[in-house]
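Throughout, read-outs are computed from the coordinates displayed, never taken from laboratory work. The model shown is predicted, which means the values in this text are computed figures rather than measured ones. All Cβ positions, even for glycine, are placed from backbone atoms using ideal geometry, and neighbour counts span all protein chains on display.
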Amino acid sequence: MHEQYELYQQVIFETLGPLAQLNTAVFVAAGNHNQGIKLETTEGPFFSQTQL
């Protein structure tokens, strides 16, 4: 998970800027064929899902 955490932090940095920090990253069930992730940041929560 450490490599994924660094990837998520990089996405947060590129999207929200250098002051935004990733607090937590949690995988969330998003249906039978989808995987979701909830990112808690200093700028608020974000959710994304992808089809497996």
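Per-structure values
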{"quantity": "The stretch 11-34 residues near the modelled GLN49 label - backbone nitrogen below 20 Å, point 7 Å along Cα→Cβ", "calculated": "25-34"}
{"quantity": "³J(HN,Hα), Karplus 6.51/-1.76/1.60, whole Hz, each residue of the stretch 37-43, x for Gly, Pro", "calculated": "9, 9, 10, 9, 10, 5, 9"}
{"quantity": "Contact order normalised by residue count of the chain, Cα under 8 Å, 6+ apart, percent", "calculated": "26 percent"}
{"quantity": "Under 5 Å, built H, 5+ apart or other chain: amide partners of ALA30", "calculated": "GLY36"}
{"quantity": "Cα point-scatterer Debye curve for the chain, base-10 log of I(q)/I(0) at q = 0.17, 0.24 Å⁻¹", "calculated": "-0.50, -0.89"}
{"quantity": "Value at 222 nm in deg cm²/dmol, rounded to 500, when DSSP H runs of n ≥ 4 in the chain each add -39,500 (n - 2.57)", "calculated": "-9500 deg cm²/dmol"}
